[in-house]
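The values are calculated or read from the model by the stated rules, or taken from the named source; none is laboratory data. Predicted, not measured: the structure shown is a model, and the values here were computed from it. Areas reflect the complete protein model, heavy atoms only, side chains present, ligands, DNA and RNA absent. Shrake-Rupley method; radii C 1.70, N 1.55, O 1.52, S 1.80 Å.
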Amino acid sequence: MVKILYFIFSALYFITALYGFITKNFVFTSLMIFFMCSAMLMWGLQELHKKRKVVGWMFIGVSLFLLFVSIEGFLYSYVL
């Protein structure tokens, strides 16, 4: 289940990044960062399941940072 979610979030991340790259329209950047956060969280959970604790916790920590950045981006986009 985690692998499937990882591939879904990675595909959504890739699609939004490709859209921004091709059209030079960066409206969906916060959404792209959120999808990257979700994919990295799934990757971290996979690594924890494989008993690679240091790498798994590193991915989870980075995904939490990316979650903060994406929420901040959403707030700046819609509040200001």
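Observations on the structure shown:
- One decimal place: the segment Ile71-Met58 gains 2.7 nm when fully extended, by the rule 0.36 nm per residue minus the C-alpha distance.
- The relative contact order of the chain comes to 30 percent, based on Cα pairs under 8 Å that sit 6 or more residues apart.
- Per residue accessible area of the stretch 1-63, 1.4 Å probe, in Å²: 70 Å²
- Percent accessible area from carbon and sulfur atoms, the chain, protein chains only, probe 1.4 Å: 79 percent
- Three-way shape call for the chain based on the alpha-carbon gyration tensor, with the a/c threshold at 1.5: oblate
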